[in-house]
Amino acid sequence: MEEAMREGPMREGEARRRHSRERDGASPEAAAGAGRSRTAPSTRALTRVAFTVTGLGLALTLGCSEPTSDSVASGGGDDIEVELCDGETSTRVPARAEYTREGGLAIASDLMAQWKRRNPDAEWVEAEREKHRIEPPADNTDLIGKTQGHTYSRITERHVKEWERELMQLVAEGSQIFHSPDALGSEIAVSCDMCHPDAANTHPETYPKFQTQIGRVALLRDMINWCIEHPVRGELLAADSAEMRALEAYITAQRKGETMQYGKH
Amino acid sequence: MSRKSRKTVRGVKSIETKHHEQREEVLNGLRNLDRRSFLRLSAAAFGAAMGAGALRFPHTFQPVSIANAAGNGGGFRFAYISDSHLYERDLNDRFVTQLLRAVDDVQRLDPKPDFVIYGGDLAQLGQPKELELGAQILGELDMPVKMMVGEHDWYLDMGEKWRELFGDPTYSFDHKGVHFVTLNSVIEEDFWTERGMSPMERMKTVAGLDNGIQSRFEVGAEQREWLRRDLEAVDASTPVVVFSHSPLYHYYEPWNFWTKDAAEIQSMLHRFDSAVVIHGHTHQLLTHRIGNIHFHGMLSTAWPWPYAPEGLPELTVQMNRPDPFDPHDGLGAGSVRVNTDGYVDKLYDLWNRNPIEVSAGYVASNGSRNVPSRPSLTSY
């Protein structure tokens, strides 16, 4: 089940992880597309409950007491161990305590704090957005409550947030590569932003067009590769590589609102 | 770099250099003519060229600016080179070669300029070897070189190496009746301590033009006070020329095409009959005027920046959209003719293109006279 939960974010996170060894794995937030829990047999007569942070409601219905540090520290045989979906992070609470919303939130906060300590780079999308301006994607909140055939019986706020979160991951990943000579594989320490701050002057809206200098019709990705080969002096990217997808996403995102004018010189 | 290898580089003349020499020869010849004979010659040459079906000296005809230059008796000229962003030669020889080209260009100017102002960002990441390489290359110039500091020179060791090589970044001097001031306009509020950044992390943050974590450039209270005292002794009739790395006005904040306390500096310059600010950092042809103050940008030798999405001063006639397939396009060096009244004609000596002159008359007339040649292709 965990594999299934991670599939989406890992797919789009592929290139980023390749470039950033210290960051790995999907974050609980990213995996929170569906709040799920499981009960596992305990080796020490504990009840293990795995849940994701946005699956807090489920955790609450399963029942968690007020998890003070004392109760965790003195946890006896009747404690409940609450485990995060990463299979590594857990906290204990007394099994017989009263179940309250506050108690559930405290458990979630504790688990999240632990997870963040273990994954200091977890909020890389926010960190990247703080460093480099990224145009936010189109606002879809007006679709909440509407239906779309078989895919969405009813579009919820969570759907809309999920669209944006997944998209921002890809775009932020593109921004990281765009700004990093290492990620681009430059032999001469040159990155895209040195000529194109905020992806200015990349004009993705003008492609495809006949590019006289290379003697054929060029797509945006052909020009990205031309830049990687020449000014950047790096290795060409495969057209469908994770890096190319991310770069295209970032460059396109930065020209939000421009009129599409393919063929414009 | 050894002198020997330097000579090897010089011995090889690229087709652009040859073209440049030929063009310069023609221009020098033309400068010695008076305006009337120049126009006659220019018309005749143009007619002959049209008759022959080809221009004899392609790219060389700029009758208006040449006629002006020829007609200007007094004043003096200095040259500029800026924004070379050197890495060590082993890592990136391209930026090194480009600075060498600019040094060659300035070295060959005839008549020789009185001095050269280096506009800052000599190094890319402020590393001692980058700065030393730059100092060595600029040392080839056989005329006085005035140095200005840029953010890329500063934020690894907070200017320690730069000061060791070039001295204090804030200073003034007088030359032929003009008072010159050089400022360090790239002071940033501390954003690094709280974030626990290493010196190199701090340097790389500042080196990213579009990195929003860094603070905005300013001259700062200490230098403003220094400037106030420095200018106190200068008579209002003395022309003042200020060198600053960033534009001393507000063009585009996100890229630090901007100096936070620019207005306070401007207010100190308003009492002078003439004041000029020459700045680097923007890597593009840039012209602005605020009251009595004329502002001019400098070209980079490393890469051109795009014009910012907003805030471009109205007086700016953009340089042509650089051709990415020509690695030297949009780059160059140039010179500045200081007229007797203190205002300047600014020459952008773009490599592989016609030079563009932005004259004092153009700025003084708010763009109604002596309009510089317009680009055939503007930015997207």
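The values are calculated or read from the model by the stated rules, or taken from the named source; none is laboratory data. This structure is a prediction, so every number in the text was calculated from the model and none was measured. Methodologically, a virtual Cβ is constructed for each residue, glycine included, from the backbone with ideal geometry; neighbour enumeration extends over all protein chains shown.
Couple of notes before you dig in:
- Condition check for B:Leu286: assigned by TED's automatic domain parsing to the domain that holds B:Val178, within 27 Å of B:Leu231 (Cα to Cα) and of a type in the set (A, V, I, L, M, F, W, C): yes
- B:Val358 crowded, with 21+ Cβ neighbours inside 10 Å and either modelled with pLDDT of 95 or more or hydrophobic (A, V, I, L, M, F, W, C) (or both): yes
The rows are residues; the columns are (1) more than 30 Å from B:Tyr307 (Cβ to Cβ); (2) polar (S, T, N, Q).
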position: B:Val186; (1), (2): no, no
position: B:Thr193; (1), (2): yes, yes
position: B:Ser198; (1), (2): yes, yes
position: B:Ala207; (1), (2): no, no
position: B:Val219; (1), (2): no, no
position: B:Gln223; (1), (2): no, yes
position: B:Arg228; (1), (2): yes, no
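- Unmet criterion (only one of (1) away from every other protein chain (no Cβ under 12 Å); (2) on the phi > 0 side of the Ramachandran plot; (3) without any contact (Cβ under 8 Å) to a residue 40 or more places away in the chain) for A:Gly185: (3)
- Among the residues of segment A:145-167, some residue qualifies, meaning at least one is assigned to a strand (DSSP E or B) and either over 25 Å from B:Tyr380 (Cα atoms) or more than 24 Å from the chain's Cα centre (by Cα) (or both).
- Checking B:Val276 against (1) of a type outside the set (Phe, Trp, Tyr); (2) away from chain A (no Cβ under 14 Å); (3) part of a loop (DSSP other than H, G, I, E, B), the condition it does not meet: (3)
- Of the residues examined, B:His281 is one that is within 11 Å of the chain's Cα centre (by Cα), assigned by TED's automatic domain parsing to the domain that holds B:Val219 and modelled with pLDDT of 95 or more.
- Scanning segment B:282-311 for residues that are touching a residue at least 60 places away in the same chain (Cβ under 8 Å), within 14 Å of chain A (Cβ to nearest Cβ) and surrounded by 18 or more Cβ atoms within 10 Å (Cβ to Cβ) gives B:His283, B:Ser300, B:Thr301, B:Ala302, B:Trp303, B:Trp305, B:Pro306, B:Tyr307.
- Pairs are defined by a Cβ separation below 7 Å, a sequence spacing of at least 6 or placement on different chains, a first member in segment B:364-380 that is closer than 19 Å to B:Ile293 by Cβ, and a second member that is surrounded by fewer than 11 Cβ atoms within 10 Å (Cβ to Cβ) and small (Gly, Ala, Ser); no pair meets this definition.
- Selection status of B:Pro247, away from chain A (no Cβ under 14 Å), within 23 Å of B:Gly297 (Cα to Cα) and either out of contact with any helix residue (DSSP H, G or I) (no Cβ under 6 Å at 6 or more places or on another chain) or in contact (Cβ under 8 Å) with a residue 12 or more places away in the chain (or both): yes
- Test for A:Arg133: is it closer than 30 Å to B:Pro327 by Cβ and out of contact with any helix residue (DSSP H, G or I) (no Cβ under 7 Å at 6 or more places or on another chain): no
- Residues that are more than 9 Å from chain B (Cβ to nearest Cβ) and either without any contact (Cβ under 8 Å) to a residue 12 or more places away in the chain or not in a loop (DSSP other than H, G, I, E, B) (or both) within segment A:188-210 comprise A:Cys192, A:Pro204, A:Lys209, A:Phe210, listed in sequence order.
- The set of residues from segment B:93-123 being within 14 Å of chain A (Cβ to nearest Cβ) and either closer than 22 Å to B:Glu24 by Cβ or touching a residue at least 12 places away in the same chain (Cβ under 8 Å) (or both) comprises B:Arg94, B:Phe95, B:Val96, B:Thr97, B:Gln98, B:Asp121, B:Ala123.
- The condition of being at pLDDT 95 or above, farther than 30 Å from B:Pro199 by Cβ and buried (at least 16 other Cβ atoms within 10 Å of the Cβ) holds for only one of B:His152, B:His179, B:His85, that being B:His179.
- Looking at B:Gly367, B:Gly330, B:Gly342, B:Gly334, just one residue is surrounded by 21 or more Cβ atoms within 10 Å (Cβ to Cβ), more than 14 Å from chain A (Cβ to nearest Cβ) and assigned to a loop (DSSP other than H, G, I, E, B), and that residue is B:Gly342.
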